[in-house]
Each structure stands twice: as structure tokens, then as C-alpha cells.
Amino acid sequence: MGGLQKKKYERGSATNYITRNKARKKLQLSLPDFRRLCILKGIYPHEPKHKKKVNKGSTAPRTFYLLKDIRFLLHEPIVGKFREYKVFVRKLKKAYGKTEWSSVERLKENKPAYKLDHIIKERYPSFIDALRDIDDALCMCFLFSTFARTGKCHVQTIQLCRRLTVEWMNYVIASRALKKVFISIKGIYYQAEAMGQLITWLVPYQFSHDHPTDVDYRVMATFTEFYTTLLGFINFRLYHSLNLLYPPKVSWTLKQSQMKLSALSASLARVVSTAEEDEAELDQFPVDGEDMANMEAREKEQKQEEAQKKLFEGLKFFLNREVPRESLAFLIRCFGGEVSWDKSVCIGSTYEVKDETITHQIVDRPNIDKQYINRYYIQPQWVYDCVNAKIILPVEDYFLGVTLPPHLSPFVEEKDGDYVPPEKLKIMALQRGEKPAHEQEDEEEEEEEDEEEEEEEEEDDNEEEGDDGEEAEEKNLKKMEEQRSQGKSLSVKVTAGKVKVENPARLEQEEKAEEKRLAIMMMKKKEKYLYDKIMFGKKRKVREANKLAAKRKAHDDAEKSKKKARK
Amino acid sequence: MEESSSSSTRSAAQTHKIKEKEPQKGGKKRTKAEEEEEEELFNFKSKSTEEEEEDEDLSDSEDSIFSGLEDSGSDEDDDDEELSDDGDEEGLDDGELKLEQTQQIGIETKKETEETGETEETEGGRTEKAKQEDEYVHDSSDEEDIRNTVGNVPMEWYRDFPHIGYNLDGKKIYKPIRNKDELDDFLDKMDNPDYWRTVPDKQTGSDVVLSDEQVQLVNRLQRGQFGDANFNEYEPQVEFFSRDVMLHPVTNRPADKRSFIPSLIEKEKVSKLVHAIKMGWIKPRRVEDDSRGRYYDLWANEDSSILARHKMHLPAPKIPLPGHQESYNPPPEYLFTDEERALWEQQDPCDRKLPFVPRKFSSLRQVPAFSRFIHERFERCLDLYLCPRQRKMRVNVNPEDLIPKLPKPKDLQPFPTTQSLVYRGHSGLVRSISVSPSGQWLASGSDDGSVRFWEVCSSRCLKTVQVGGAVKSVAWNPNPSVCLLAVALDSVVLILSPSLADRQVVLSSERLLSAPQEADANEGAGPVTWSETEGEELNHGIRLKIQHPKAVQQVSWHAKGDYVASVMPDHSSNLQVLIHQLSRRRSQNPFRKNKGLVQCVSFHPVRPYFFVGTQRSVRIYNLVKQEMTKKLQANSKWISSMAVHPGGDHVICGSYDCRLSWFDLDLSTKPYKMLRHHKKAVRGVAYHRLYPLFASASDDGTVIVCHGTVYNDLLQNPLIVPVKVLRGHEITHDLGVLDVTFHPTQPWVFSSGADATIRLFT
């Protein structure tokens, strides 16, 4: 046959991908610049399906980018700015070397700068897209806002991050959007719902950072550069959605923590004074059957949400000096409570300790000298637990010096079969409106549990018995057989037969189980593999749940025995 | 002496001038000047004792006066500008003080000064009187008071003369008469209290008694202090050339012309810059761009045009939300036990289920900072820009849906379900069993060297035949009109006539065995020798002995019951399968070539086909045409057993790799279905003659009975449903069930195992 011979790797997937080095050369950028560009433009590598084909027969480990992505980068105006910056640095160095201070000045004045607005618009064509991707931005900004001036990043960046995070918190307060909060060992997680999007962010504890040496801060700084721009635009939009003025009128001259607090305690100036929150009530549609039930459920949910928004309304809190002020102030204000703290600790306090109308004082120390009668002295976890439970929890468990109940993660949604900690069950009972009859209920629960366990055990026993019966019969037969085979005359004896009580339900169950087993035998190899995998996962889950339950039981037993020993 | 003093006064005046012009000069110079001034004063005092004389160095004094005036004027100007009015007043006070001093110095001189003052007034009259006096006190220009007019000449020139010089009138000044001798001097020293302050004046030759002030002055000078007691060394410095723009110029020198005409050099520079800007070499100063930190409604007009690119875009997955174990105060069950902790520490960071150790704190204030916080954020950053993203289709199926929908076993009855009888008696593992065509008898061959005959219904062992070797295979003649059993052991195939049937049947079998005597002659040099048994063996029912050259593994009857095939597995020779014709006592080797190790053989139930199972495949030979018709690929390693469907269109093969393959001969050479039901090697397979059932026996101790309907409609594939897993045999020496066979008429299945039992499942 004639015709040109087809060359390998000139079509197909080999032409759709490009290695990182080639891409870099194509863009004529250094590796750090390429990295920066990728971060800003959100370009990530791709894993080709047939790596060897794409790699032109080689199996060396390489990073591949889509060729289209790289072509797309070619038209990016920022690439030009990067090059300009490179030239600028070169010129500046030269001027320094020649000690031409006037030209240094001139060059510094003309330092090339770029804006990221168009990139944000391009990466997030709609506002919701941007909002969906804001988690990381918030985490990063909150982290940077806790940095000190250590030279790890520009001071302006830190200040901008502080400003933006405070603005964000103000928005959350103003829109009462906070849903969940969780004190973890890493920091405090918050979850808010903005425009229907659940947004989770993590705020580190207020300590100075032990800056690690194996972290490339340039990468983080590039991300932060992008995130601050994104967060700024999002804040703008969110503020305007609430008819608020942006940027908010908060005096930024104050120092960091003070600024945060004063910002939190000051309410925001509205552009247009709106009438009371015009909550869009759900319209009643003529529906029937299931839809009706759905509607009711939804209505109920909405009501609950409304109630949560006004959780702390009418309560007056006072924060002692040892509690994390920012977090608590933010939280309490998010749910409509009033909050203040000692004047000497920080500015922005609105009332004194002596105020008679204070309902709760949040204290994190074993005891306190001077106590007022008409207020509760509680530990800070109460506030967090209340928010998560969406109800005002009884304060007894959170008094001073009391061992706190475990703090549970509100993000865990237990499906049936998962392990549910007993504390969560208790909270759920409270949510349903059941009265917490403390000790008795506990005991009852325990008893119930015991009963259940006993039942289970009994079942096991039954099974065992059945097996035992068969085995015993078999043994007898064997004995007889042996005797017969040895030629001995059998000891003829008639034993009264036992009536086997057969449980029809159980029989049926067994039958079904066998049927299933047989059907599983007939599965195709592929399906069998999948099935086995699924079942393995399920079993593992059950095993884990059982393990947790067993651990809990052991712990509880130990506690009980300790209590008894003390008595 | 005089000369030197005058020169010194001149120089003093000059230094004074300099001093006044540059008042910020160091104090040391100043002290020097003062010293000289004091000297002048001293001179002047001494002269004052002399007669009055006209000042001869008028020009000198005038000069000094001029310079003093000028200086003082400028001084005052400066004072006016820099200091407040108080300073001026102080200056005035000073002047008055000094005036008093001079009055005290000498009353004699007073007259003179007044006179000179008058003369000066006549001469100049430019200045005020007080000022003038002030000037004299301060200034060293007291030369006009010198009475001796010799000038600055060494006084020893007058040593030999009676006079010492000339006064202003030109008359000689006579030396005072020195009539004091040593004694007088001594007496004077003793008597005169002022002796110590009496000094001889060299110019006049007279003694001068120093006043108190003068003595003090001398003392001060000796101590290295300023002559003037009231002089303040630490007067504030007057800054003339400071950064402040003053109202008046320091000098009133007119501005240069060049300060009014544009500079040529500058012009050149500017033109260079202009040229550079024109050429674009220098960019004009950028307008400060403050739009960088300004936010606006970026999504004001959302258009979907950019959305197109984002079809391929995968948003980054969110960070998984924290569970209970991350809490600062988790429930106790989430905390690690010691073992878990040790395990966590041993594991690689990438293998750990949790990236942190759960910890419990009794209160919020005890929670420390998380040390890996920045690390975690950084890792997230790396994930975002370095990790390839892929859309993973998560299989979201209900596992129940994966289980195939099969007809219920209940609907597929009858099939054996329970173990009903156990045939015990063998002492070795039972390798092979066979059921008589009538279904009444069961024959079994065991490794203990016996063949036993059992009644199926009662599990009674009717007969035991010791054959003297481990029995590899037994097979009952399928022809119901004869009652014969073929037994394979070592290298012999025995034909037994157990006489367990009607007389009719026994007779017909006898006939079959005894008929072909004449054919014997033809035989002789063949590989096998046929021999009839005698004596003891004959009594046991062993009728024929077919001696093979090698060990026989299996025997298999043709459906008609005349032919029996025996298998001698051997790698190297083509003599692996022999077909014996019983009626003519003839044996033949059907294959010329060795096509692999033969495991088992079987006759087709209706057609003249012969199945030979080698290790990897099953070959089907047409016995009439003497050719191979088909070769079935079993796709398994080492076929162990084979069974042919009574219809003849289907074959099942069991293999040592736990598989059972069902071949549909009409379809392909590949198995229609592979069943992996067993956990261990499949040892035996069997079809039921009437019911659509087949069974497989395995080393895992189970017999699995399957329902396998074969439809007459050729288009419909056979339906295979496992219906029952039968257990009962015990596993001994890693061997479970060795053989399985169905009852010819009932849905019963027999199995023999390594535990030396035979079991019947009904």
C-alpha cells in the first residue's frame, strides 16, 4: 500500500497535553512566574488516561497540562506585566549598582503593577461561582490576618486581610447568616449560609505563629493576593445585597484586635433604611399528598431557622477577660445577643460588670470571687453548644468548675448504622422538646441498652443452641457408627425424641439468606468485585461503629465503678 | 622694650578686630587677646603716674577706635536680630560696670582721660561720651597716655644718662634719685606693708604701688584665668549662618550677575531630558493609580459567554468537614488508647487515618495553638495548584441491585436438600462411586483396596470385594440388561459381576462375558492381555482381568454397555486411552498421537462421539469418521473431571482451579458459563439423567447442586441456577469430596469423600 507512513504521537492524546517544562518555555516564563500564573489563573495539571502515549512512549513521571489551557494563558495580559516586572528589577539593580539614585527613584515610581479583576471575572463568571469557592479564601485571609510583622509577607497584605475578614464578619452579623460553629484543636470552624451557599472557614487561635521553615511563603502570598481581591469583590456584592454601604464606616486607624472588636460592636450604617426584614414568606401552593408533607417539613425547617437567628435575643452577656473575646462577641452578635467586656481589656465595651441586667457572664476559670446573684456564670462552650443545638441549652452542665460535656462536631450527620454519641442523642431529645430528666433517664437508657444487649445475646444463644443440637446429634450418630463398625452390639435403647420447635419466621429468614448467598454465587466477576467492595466498606463502617460503642461502654463502666468506689 | 610692647598692642588690636568679626572663634584666642589687653592696661597705669603727654600713635588708636566702632555696630545689629531686648540692656549694664572700674583704678588717670576725651571729642565727636570712655577702658589703645616719648626702644640705652626719656614737651624726664641701698631696701621690706606690691617701672624708673584690683588681675592671670573678672566665657553662641532665612543679609554684598542669567549647563541638561521624553526613553511620571484596592460590583452584568470555557473546569473539592474527634473536648470514645496511639506513631504520615491525635482539654483556655496550622494551609495551596483533578464517577449503586434476579430455588424443586444417609465402612478415602442403572445398588472403590456394594435405601453394605490395590475408579455398566462393574486399580481393569440383580440379568451378563472366546486367538501381541480369573477371585465375582501396560486412572462405559474405555495418563506416549470391546474381548488404541496428558474420557450418550479431556482442553472425536470434530477450550488449569449431558449437547468440566465450565456444543469452543462456586479444586462433576440437575464436588467439602435447564428450543440458552450447597463431608488431608454421582431416577445425589464415607443427599 502506498501513502505516507503515519508518524507516532502526532495526533490523538499526545497532542492534547503538554509537559510543564514545555509549557513554561512556550510562555517564556521562569518557573516561579509560571507557578504564579497558574495559581492566579487557576490552571492545574491533568492526568492523562494513557500516560505512556501522552509521554511519547516514555514512562518518566511528568506533569501534564492541557495544551488548551496553556494556549489560553498565552493571551493573558498579566504575562506581559510579569515580563515588565522582570525588566524593572533588572534596571533597578543596575541603577543601584551605579549608585544613580535619581534613576532609582524614577524607576521605583514607575514600578509595574497589575490588577486581578479580570481574572476573577473570568474564573468566576457568576457571583454564585465565586461564593462557592470562597472557603479557602476565607481560611487563608483569617490566617494571614493573625500574622505579625515578621517579614513573611507584606504588612499591607496583613492589613488588607484584617480589613477584609472584619468586613466579612460584619456581613455575617448583619445578615445573621451563621449556622454552625465548632471548637476544634486546630482552631474554630464557622459555617455560614450566604445566598444559599454553605461557607465554612477556620480561624486559628490567637497565638503567635511558630513559622515553619519548610513552607514556601511565596506560594501562600500569591494565593492570598488572589484571595484578597476575590474577597473584596464578594464583600462588596454581599454588602450591597443587604443595602449596606461598602466599605463600612469603621475607623481603621485603631489597632488590630481593637479594630476587630470595635468593628464588631458597632453596627453598620445602612444605605437605605429598610423596613423590618422583609422575609419572603413561602407562598402557599395548592398541593397534595407528599408535596404537602414536604412543604410542611420545609416550613417547619424555616421556622426553626428563624428561631435560631434570634437565639440570644434579649440576653445580655458579659465576657470575662480570659475568654476568647473576638469569637464570642462575633457569635453572640450573630444571634442577636448583647455583649460587653471589661473596659480595661479592650475598647468597645458598652456596659460594665456591675450592670444588673446582665444575664450571662462567660467565665473560663475555676471560680470567681465576686458573684452577682441574678446572672449565670457559665463556661464559653455553652455559647457554642447552644448555637449548634439551635436552642438555649440548660446551663447547669456549664457552670463554673463543672466538668464540661463533650463538645460535638455539628458537621457530622449520622446516617442509620453510624455511631451516634450518647451526648448527641441527648441534645436531639432536647431539640424535640423532651424534658431532660437527668439521672433517671440516664439510668433508664442504660437499662434499655442492657436489655437490648441481653436480647442480642439471647439470639446468639439461640443460634448456638440450634447448632449445638445438630452437632450433638451428629456426635451421637458417630458414636453409634463407631460402635457398629467395631462389631460391638449396640446398646439398644430408645430415647424419647425431642420435638424440634421450628421458628417459621426464622426458617424463612434462613431460606432467604441462603437464596441470597446462592444468587451472589452467580454474579459476574466484575459485579462481584464491586459488590464485595461495597460490602467491605459497609462492614468496616459497622466495625468502626461497634468499636466506638465498645470503647464508650468500657469508659462508662470505668466511670461508674469509680463513682461506686468513691461512695 | 617699648617697641616690642607697641608691636604687641598693634597685634592685639588686630586680633581684636578679627575676634570681633568672628565672634564664634574659640575661647583660647580670646583669652590671649585679653591678656594683652591687660598688659596694655598695666602699661597705661604705669604711664599715668608720669606726666601727661600727647598720644603719638594716634593713627593706631584711631584705627582701633574705628575697628571697634564698626564691630560694635555690627555686633549690635546682630544682637538686635538674634537676641531679645534684655540682651541689649545687659550690654548697657556691663558698660556702666566697667566705667566704675576705671574710676577705681586710678584717680590720677581720670583727669588725663577726661582731657584726652575732650581732645578726641574735638577730633572726631562722632560718638557718645560714655561710649568713648567705655572704649578706652576696654581697648588697649592707651598709647596717648604715655608720658615718655622715647617709643619702643630698649631702656638700657638710657642707662648711662641722667634722664630716662622725654616728655611731650620735649624736656628730659630725669631718673628718680635712687638713693636706697640694700639696707634701706631691707628696712623698707620690713616696714612698708605695701612693699610686696611695689613694682619698679622700667620706663620711668619709679616705683609703682599696685592697687588691689591690679593685684587681683595679676593673680588671675597667673592662674590662667581671664583678666576681666566679669567676663563670661560661656556666652551663647550666635548663629549667623543658620538654616533660617533672615530678614537682613549677613553681608550686604550685591547679588552676582550670574544669578540673574539662566545657566547654560542646566539648559543643556533640560534639553537632554526633553529629548529623552520626546524619544520615549523616559516615561513621564505615572499618574498614581488608586484603583487597585478599590472594589466594585464585578458581577454587575453576568454574561454567559465566558461560561463556555468552564465546561472543562473542575472546581477544587472542598476540605472535608471535621468530625467529633477533632473537637477540643471530644467524647471519650474518640480519644486514642495507648495501642492506637502507638500505631498512629508507627504509621507513615500518608497512611494515617487521622492527620492528628485527638486530644481533650478540660476548658477552652487550655487549648494551645495548633502547630501544623500553616503547614496544613500550605498543603492545601499545593493541592490546589499542583494536583491533577479528575472527575471520578462514584458508583452509587445499591448492592442489592447487583445481585442477579434468579428464579427461586423453591420453584426449581426437586433437588437434593438434606443429607439423609451415610454409608460407612471403608477405611480409606473413597475415590470413586457408581450407581447401578436400576438405582438399587451403589458400588464404591476405596484406597483400602476394596470395592463395596451398598444397598442405596438401607445403606447396608451387601458385599465387599478385596481387589488388592487402591481402587482408582469404578463404573457400573449403564446397560440395564446386564449387571457388570468395571474397576480400575493399578494397571488392571477388572470386570466384576456382582450378581445383584434378577437371574435374567445375571445370565445375560454371563453370556456377554463368556461369548467371545474365538476372538481370543487374534489377540496376542497387543498392549493388553485379557485373562479370565479363577478360584478365589472368581468366587468374589471378578470375571475378567484386563492387564494394561501402565497404571489406569479411569474407566468409562459406553451407553450400550459393550465398550469400556480406560485412561492411562502418560506424557510421553500415545498409548493413553484404550477402548475395550467386551463382547469380542478386543482392545484398541484409537489415537496415534499424544495430544497432551489425558485426564478423563467419556462416550457420547447417543451419538458415536468420544470425549477426551486433556489438561487444558476437551477434544471430541467422531468415532465413525475417525476424526476430531471439536476442541473445547476450558480456559482453566488442569481439568479434573468431565460429564456429558444426557442430551449430548452440553458438557461440564471441573478443574483444579476451582472452576466449573459449562460448554454448549452448539455454540462455541469457549465455555458458555464459568462457575466459580467452590473455594477449592473441583474433584468431580455429574449430570442427572432425568432431572435438569448437575452437581460438583470439591475439596472444600461441599457439593453444590445446580439447576441447569436445557431447553429444546435451540435459541434459548440454558438457565443455570445454583440451588443447594450440600455440606457433610469432613476435610481430611486437605481432601474433601472426591466423587459425586446422581441417582439414575430419583433427585438424589451421592458423594464420596476423603473421610471414608459416602453420603446420600435427598
(request) Tell me which residues, restricted to the stretch B:627-636, are surrounded by fewer than 19 Cβ atoms within 10 Å (Cβ to Cβ) and modelled with pLDDT of 85 or more. (result) B:Glu627, B:Met628, B:Thr629, B:Lys630, B:Lys631, B:Gln633
(message) Here's a check for you: in the stretch B:369-383, which residue that is facing chain A (nearest Cβ under 7 Å) and not in a helix (DSSP H, G or I) is surrounded by the most Cβ atoms within 10 Å (Cβ to Cβ)?
(response) B:Phe370
(request) Have a look at B:Ser427, B:Ser363 and point out the one that is of a type in the set (Gly, Ala, Ser), over 30 Å from A:Pro366 (Cβ atoms) and either facing chain A (nearest Cβ under 10 Å) or touching a Cys at 6+ places or on another chain (Cβ under 6 Å) (or both). (result) B:Ser427
(message) For A:Ala137, only one of the following conditions fails: (1) at the interface with chain B (Cβ under 10 Å from one of its Cβ atoms); (2) touching a helix residue (DSSP H, G or I) at 6+ places or on another chain (Cβ under 6 Å); (3) crowded, with 18+ Cβ neighbours inside 10 Å. What is its number?
(response) (1)
(request) Starting from residues that are over 27 Å from A:Pro204 (Cα atoms) and in a helix (DSSP H, G or I), keep the ones in the stretch B:310-339 and report whichever is nearest to the other protein chains (Cβ to nearest Cβ). (result) B:His310
(message) Among the listed residues A:Lys303, A:Lys343, A:Lys309, identify the single one that is of a type outside the set (S, T, N, Q), over 18 Å from A:Ile173 (Cα atoms) and under 29 Å from the mean Cα position of the chain (by Cα).
(response) A:Lys303
(request) Would you mention how many residues in the stretch B:530-560 are part of a strand (DSSP E or B) and β-branched (Val, Ile, Thr)? (result) 3
(message) Would you confirm, using the coordinates I've provided, whether A:Thr224 is over 27 Å from A:Gln381 (Cβ atoms), more than 9 Å from every other protein chain (Cβ to nearest Cβ), crowded, with 23+ Cβ neighbours inside 10 Å and touching a Phe, Trp or Tyr at 6+ places or on another chain (Cβ under 8 Å)?
(response) yes
(request) Among the residues of the stretch A:373-390, count how many are surrounded by 15 or more Cβ atoms within 10 Å (Cβ to Cβ) and assigned to a loop (DSSP other than H, G, I, E, B). (result) 4
(message) Could you check the stretch A:203-243 and list, in sequence order, the residues that are touching a helix residue (DSSP H, G or I) at 6+ places or on another chain (Cβ under 8 Å), among the hydrophobic types (A, V, I, L, M, F, W, C) and at pLDDT below 90?
(response) A:Leu242
(request) May I ask you to list the residues in the stretch A:183-199 that are within 30 Å of A:Ser126 (Cβ to Cβ), at the interface with another protein chain (Cβ under 10 Å from one of its Cβ atoms) and either in contact with a Phe, Trp or Tyr (Cβ under 6 Å, 6 or more places away or on another chain) or small (Gly, Ala, Ser) (or both)? (result) A:Tyr189
(message) Testing A:Lys260 on (1) over 30 Å from B:Lys360 (Cβ atoms); (2) basic (Lys, Arg); (3) in a helix (DSSP H, G or I); (4) modelled with pLDDT under 85, one condition comes back false. Which one is that?
(response) (1)
(request) Pick out the one residue from A:Leu92, A:Leu107 that is within 11 Å of another protein chain (Cβ to nearest Cβ) and over 14 Å from A:Leu231 (Cβ atoms). (result) A:Leu107
(message) Filter the stretch A:538-567 down to the residues that are surrounded by fewer than 11 Cβ atoms within 10 Å (Cβ to Cβ) and closer than 30 Å to B:His324 by Cβ and list them by number.
(response) A:Lys539, A:Arg540, A:Arg543, A:Asp557, A:Ser561, A:Lys562, A:Lys563, A:Lys564, A:Ala565, A:Arg566
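Considering each residue of the stretch A:183-214, count those that are assigned to a strand (DSSP E or B), of a type outside the set (S, T, N, Q) and over 13 Å from B:Arg372 (Cα atoms), and give that number. Break it down stepwise before answering.
Step one: filter the stretch A:183-214 for residues assigned to a strand (DSSP E or B), giving A:183-184, A:187-194, A:197-204.
Those left that are additionally of a type outside the set (S, T, N, Q): A:183, A:187-190, A:192-194, A:198-199, A:201-204.
If we keep only those that are over 13 Å from B:Arg372 (Cα atoms) as well, we get A:183, A:188-190, A:192-194, A:198-199, A:201-203.
Residues that pass the stated criteria total 12.
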(request) Check the stretch B:454-463 and report whether any residue there is in a loop (DSSP other than H, G, I, E, B), in contact with a strand residue (DSSP E or B) (Cβ under 6 Å, 6 or more places away or on another chain) and in contact (Cβ under 8 Å) with a residue 12 or more places away in the chain. (result) yes
(request) May I ask you to list the residues in the stretch A:518-567 that are more than 9 Å from chain B (Cβ to nearest Cβ) and aliphatic (A, V, I, L, M)? (result) A:Val542, A:Ala545, A:Ala558, A:Ala565
(request) Quickly run through the stretch B:226-254 and pick out the residues that are among the aliphatic types (A, V, I, L, M), closer than 30 Å to B:Gln214 by Cβ and exposed (fewer than 10 other Cβ atoms within 10 Å of the Cβ). (result) none
(request) Filter the stretch A:201-213 down to residues that are under 12 Å from A:Phe142 (Cβ atoms) and within 8 Å of chain B (Cβ to nearest Cβ), then give me how many there are. (result) 2
(request) Look at A:Arg163 and say whether it is part of a helix (DSSP H, G or I) and of a type in the set (Lys, Arg). (result) yes
(message) Any residue at all in the stretch B:407-420 that's in a strand (DSSP E or B) and aromatic (Phe, Trp, Tyr)?
(response) no
(message) The conditions are (1) within 12 Å of another protein chain (Cβ to nearest Cβ); (2) farther than 21 Å from A:Arg123 by Cα; (3) among the small types (Gly, Ala, Ser), and A:Gly42 fails exactly one of them. Which is it?
(response) (2)
(message) Which count do you get for residues in the stretch B:617-653 that are out of contact with any Leu (no Cβ under 9 Å at 6 or more places or on another chain), farther than 23 Å from B:Leu738 by Cβ and not in a strand (DSSP E or B)?
(response) 6
(message) Go through the stretch A:310-325 and report how many residues are over 13 Å from A:Ile362 (Cα atoms) and surrounded by fewer than 20 Cβ atoms within 10 Å (Cβ to Cβ).
(response) 3
(request) Just give me the residues in the stretch A:490-517 being over 25 Å from B:Leu726 (Cβ atoms) and facing chain B (nearest Cβ under 8 Å), in sequence order. (result) none
(request) Sort out which residues of the stretch B:388-414 are farther than 30 Å from B:Gly701 by Cβ, within 8 Å of another protein chain (Cβ to nearest Cβ) and either polar (S, T, N, Q) or buried (at least 19 other Cβ atoms within 10 Å of the Cβ) (or both), and write them in order of number. (result) B:Gln390
(request) Could you tell me which of the residues A:Leu393, A:Leu408, A:Leu404 is modelled with pLDDT of 85 or more, within 20 Å of A:Tyr189 (Cβ to Cβ), in a loop (DSSP other than H, G, I, E, B) and away from chain B (no Cβ under 14 Å)? (result) A:Leu393
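Okay, residues lined up against (1) surrounded by fewer than 16 Cβ atoms within 10 Å (Cβ to Cβ); (2) within 11 Å of chain A (Cβ to nearest Cβ); (3) small (Gly, Ala, Ser); (4) over 30 Å from A:Leu66 (Cα atoms):
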residue	(1), (2), (3), (4)
B:Pro416	no, no, no, yes
B:Val435	no, no, no, yes
B:Glu455	yes, no, no, yes
B:Pro480	yes, no, no, yes
B:Ala486	no, no, yes, yes
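The values are calculated or read from the model by the stated rules, or taken from the named source; none is laboratory data. These figures come from a predicted structure and were not determined experimentally. As a convention, Cβ positions derive from the backbone with ideal geometry for all residues, glycine included, and neighbour counts pool all protein chains shown.
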